[in-house]
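Trainee: Can you keep this structure in mind? I'll have questions shortly.
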Amino acid sequence: MPQTGPIDIFRDDVVHLRKPHPCGSHEWTVVRLGADIGLRCHGCDHKVLLPRRTLEKRLKRFVSRGPAYAEAVALRERLDSAADATLGPETPPESDSDSASPALVGAAGSSPRGAD
C-alpha cells in the first residue's frame, strides 16, 4: 500500500539523493527536522536546508536510519498491539433471515391491514 502522508524522517538518518552534490557525493545526514530538513553532505560537510516536500521528491533510499527510528518502530508496535487487545475479536451481529424488523414489513406497502 503506498504511503499517503509524509515520509518518517529522523535525525541522524543517512539518505541517498537522486542527484549528486557538486562535490560528487550522493549521501547526506539529516541534522535538523521541521518544515525544512537540514542536511550535511558526506563529501564536503556542506550544510543545506531543503523543504520537506523537495527532500521527499529527491530521496532515492535510506542508507541507514538514526537511533530514533528504532524507538519509533518499537513504540508503534506497542501501540498497535495495545489497540488490537482493546478491540478484541470482531464478531458480526447475529441476524435471523426468518424474522424481519417491523420497519421493513410496512416499507414495501404490503401491510397486513391493507388486506381487508
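Bear in mind that the values in this text are calculations on the coordinates, not laboratory data. Since we're looking at a predicted model, the values are computed, not measured. Here the Cβ positions follow ideal geometry from the backbone for every residue, glycine too, while neighbour counts run over all protein chains shown.
Trainee: Subtracting the Cα-Cα distance from 0.36 nm times the residue separation, let me have the gained length for residue 46 to residue 19 in nm, one decimal. Show your work: numbers first, answer last.
Mentor: On the way: separation 27, 0.36 × 27 = 9.72 nm, distance 1.53 nm.
Length gained between residue 46 and residue 19: 8.2 nm.
Trainee: Relative contact order (percent) for segment 7-68, with alpha-carbon contacts under 8 angstrom and 6 or more residues of separation?
Mentor: Details: 123 pairs, mean separation 24.3, N = 62.
Answer for segment 7-68 is 39 percent.
Trainee: May I ask which residue of 43, 33, 17 lies farthest towards the positive end of the charge dipole of segment 7-68, with charges of +1 (Lys, Arg) and -1 (Asp, Glu) on Cβ and the Cα centre as origin?
Mentor: Checked the options; the winner is 17.
Trainee: Run the dipole for segment 7-68 about the Cα centre, Lys and Arg Cβ at +1, Asp and Glu Cβ at -1, nothing else charged, and hand back the magnitude in debye, nearest 20. Each step should come with its number before you reach the end.
Mentor: Working: 13 positive and 7 negative charges, 50 e Å.
Using only the charged Cβ atoms, the result is roughly 240 debye.
Trainee: Between residue 71 and residue 53, 0.36 nm times their residue separation minus their Cα-Cα distance comes to what?
Mentor: Gain on extension, residue 71 to residue 53, equals 4.1 nm.
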